[in-house]
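We did not get these values from a lab; they are worked out from the coordinates using the rules stated. Because the structure is a prediction, the values reported are computed rather than measured. Cβ sites come from the backbone with ideal geometry, for glycine too, and all protein chains shown count toward neighbours.
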């Protein structure tokens, strides 16, 4: 502590720490929650398609766009012109 | 029934290893049969903090890979006979730790001990994930400081989604252990208070370990702080936390240092 600090007492900083954390974690919790949801969706969508069509993992893209009023879930599946159908059992 | 407890935090240097040793010793001092397991492959330190660094022959990886039997790798504490250590490997690659191997070793430990306490490595990589995977109970070690609280929040999310219990749809028991707490600075608004941290992380509090010189002294001499200075503030706080983990109701107080006139006048240098 310098001599100046004795005269100009600094404002306690714990309140700032608390506020910064609250804002940051509110965002991070949503972000990690979404990334897990997306991974799950992608996995299950691949499984459903793979039941009928032979498909590669990287042919399925799942994207979540967050808007203010509405969010969109975009599922993009690349299919070859001649579909390699999984034979019925 | 045996309980598997993981001591975790995300951030490094917050006191996971110190807390593993202290809680393990405290539970054992209260009569339970305890093993502490070091999951920090490549950077083992629990052996050093426990004062057993010269007694390591086999380690967790040897047992996981079937090169040694569990009983060969377990090191029994010289001070408390119902406390054992399973050290981590210092040299091997951390990829040597396989999920199947860890599952088998944890299963064997469950049969031998009342408490299996896993000291997690820092970070959110494979080692940390394996350390938490089989846990029934988690102790999240947090310093009242922004980066530690943020990382703890992340780890809490993982405990709720990436553990065997979570995958079975069961809830994992989570406890917050606040370490390096300075009541004076928190009261002056210079440090996040206990309530601040609890508000943000919202998991139940199991203990508050005040900042204390005894913790460093204990690790210097290679002894859990509950053995090195059992009457000190840190040890008393760890004893209380251990009793809460065992299911006892213990009032939450922050043990305070009783300062003599000299140390009041001259601060810590005289202690």
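Of the peptides B:127-136, A:38-47, the ranking by mean beta-carbon count within 10 Å, highest at the top, reads B:127-136, A:38-47. Helix B:146-159: angle to the longest alpha-carbon principal axis of chain B, degrees 0 to 90, nearest 10? The two axes meet at around 40 degrees.
Using a ≥ b ≥ c from the Cα gyration tensor of region B:1-87 (square roots of the eigenvalues), is it rounded, prolate or oblate, where a/c under 1.5 gives rounded and otherwise the larger of a/b and b/c decides, a/b for prolate? The shape class here is rounded.
Each helix, a run of at least 4 DSSP H residues, gives -39500 (n - 2.57); summed and divided by the residues of chain B, these come to -11000 deg cm²/dmol at 222 nm. For the Cα atoms of chain B, what angle does the longest principal axis make with the long axis of helix B:99-112, in degrees from 0 to 90, nearest 10? Around 70 degrees separate the two axes.
Determine, from the Cβ-Cβ distance of residue A:37 and residue B:76 and an R0 of 41 Å, the FRET efficiency 1/(1 + (r/R0)^6), rounded to the nearest 0.05.
Computed FRET efficiency for residue A:37 and residue B:76: 0.30.
Counting Cβ atoms of other protein chains within 10 Å of each residue's Cβ and taking the mean over peptide A:15-27 gives 4. Packing order of peptides B:31-41, B:209-219, highest average first: B:31-41, B:209-219 (average count of other Cβ atoms within 10 Å over each peptide's residues). For the peptide B:185-193, the mean number of other protein chain Cβ atoms found within 10 angstrom of a residue's Cβ is 4.
Take each peptide in A:18-27, B:233-242, B:53-62, count the other Cβ atoms within 10 Å of every residue, and average; sorted highest first, the result is B:233-242, B:53-62, A:18-27.
Debye calculation, C-alpha points only, no solvent: report log10 I(q)/I(0) for chain B at q = 0.08, 0.10, 0.11, 0.15 Å⁻¹, in the same order as the q values. Rounded to two decimals, the profile gives -0.30, -0.47, -0.57, -1.07. Per residue of B:156-166, other chain Cβ atoms within 10 Å of the residue Cβ number 1 on average. For the pair residue A:75 and residue B:91, label points projected 7 Å from Cα toward Cβ lie 5.3 nm apart.
Bridge orientation summary for the protein assembly as shown: considering DSSP beta bridges with both residues in this region, about 25 percent are antiparallel.
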